[in-house]
Amino acid sequence: MHSDEVLAYLENHPDFLQHHADRFGLRAAAAQQDRVVVSLADRQMLELKDRNRQLEARLHQLIRHGEANDQIIHSAHRLSLTLQRCLTLQQVADGLASCFQQDFALERMALRLWHPAAEASPLFNARHEVQALARNLSAPYCGPYVNDEVLGWFPATPVLQSFSQIPLTDASGAAFGLLVLASDDAQRFTFDMHTHYLAQMGELISAALLRVLGQA
């Protein structure tokens with residue numbers, strides 16, 4: 001029998017090798033309807049590998065968050081040192097603008113005060129809606145909205161997409177000022193972001209302002 005005849009026979013009898021696989025040292029192919037049986041040990045190993053991938057992803061996420069927090073702490077420390085060196089209200093305002101621009105990449109900042117000692121300063125703003133806004137903030141606000149008064153504190157361009165409004169308070173908790181940070185990045189300040197560090201910076205800035213205003 002020639003090879004062509006053998007091939008022709010196999011083409012006409014496709015199940016031949018399947019039925020005689022053991023004789024020719026071949027592995028029989030599993031039928032499509034057959035279910036693959038995985039041992040308990042193999043299944044546990046697959047679950048462990050999947051769990052390990054999830055843990056690695058979580059670890060990398062925690063490392064990124066830790067690095068971001070370290071950077072925030074470092075920048076807040078530099079802000080604290082800058083504020084300690086300020087002797088006047090104008091120095092505080094200039095120091096804040098410089099720190100937020102250099103250490104936090106924020107070029108849009110507005111500071112308004114209604115403390116009696118700041119009445120002669122261009123930062124003074126005694127509008128009732130601004131004071132009410134600050135009084136109603138129990139924590140820094142982050143999100144896309146500000147009222148028209150606050151929006152008017154910034155240039156028309158670039159179009160600002162997100163804001164952080166930080167109340168400035170004295171020892172009794174009474175608000176005497178408002179610090180607003182703004183960005184053209186809609187994701188810079190969002191509703192769901194944590195405001196712990198912003199609140200701490202608000203306390204530092206409040207203390208520095210009260211110190212220089214008390215010397216006025």
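Give the long-range amide H neighbours of L106: residues separated by 5 or more places, or on another chain, with amide H under 5 Å away, using H modelled in the peptide plane at 1.01 Å from N. Amide H neighbours of L106: Q101.
Applying the Karplus relation 6.51 cos²θ - 1.76 cosθ + 1.60 with θ = phi - 60° to region 93-103 yields 3J(HN,Hα) values of 4, 5, x, 4, 4, 5, 5, 5, 6, 7, 9 Hz, where x marks Gly and Pro. For C99, the accessible area of its heavy atoms, probed at 1.4 Å with every protein chain present, is near 10 square angstrom.
Rounded to the nearest whole Å², what accessible area per residue is found for region 49-214 with the 1.4 Å probe? Mind showing how you got there, number by number?
Details: 9540 Å² over 166 residues.
Accessible area per residue: 57 Å².
Shown here for region 159-213: chymotrypsin sites (Phe, Trp or Tyr not before Pro) in loop regions (DSSP other than H, G, I, E, B) with at most 16 other Cβ atoms within 10 Å, namely F191.
About its Cα centre, what dipole magnitude does region 49-214 give when the only charges are +1 on Lys and Arg Cβ and -1 on Asp and Glu Cβ, stated in debye to the nearest 20?
Computed about the Cα centre, the dipole is about 380 debye.
Compute the distance in nm between two label points, each set 7 Å from the Cα along the Cα-to-Cβ direction, one at D184 and one at V159. It is 1.1 nm. In the complete set of protein chains, residue-level accessible area for I63 is approximately 80 Å², probe 1.4 angstrom.
Given a 1.4 angstrom probe, I'd like the percentage of the accessible area of region 49-214 that is carbon and sulfur, rounded to a whole number. Write down the numbers at each step before the final one.
On the way: 5010 of 9540 Å².
About 52 percent, which is the carbon plus sulfur part of the accessible surface.
For a quick check of your reading of the filter: which trypsin sites (Lys or Arg not before Pro) in region 96-127 sit in a DSSP loop and have no more than 15 other Cβ atoms within 10 Å?
On the way: sites: R108, R112, R127; in loops: R127.
Those that pass, being in a loop and sparsely packed, are R127.
The values are calculated or read from the model by the stated rules, or taken from the named source; none is laboratory data. Keep in mind that what you see is a predicted model, and the values were worked out from it rather than measured. Every residue, glycine as well, gets a Cβ built from its backbone with ideal geometry; the counts of neighbours run over all protein chains shown. Please note that ligands, DNA and RNA were not included when accessible areas were found on the heavy atoms of the full protein model with its side chains. Shrake-Rupley method; radii C 1.70, N 1.55, O 1.52, S 1.80 Å.
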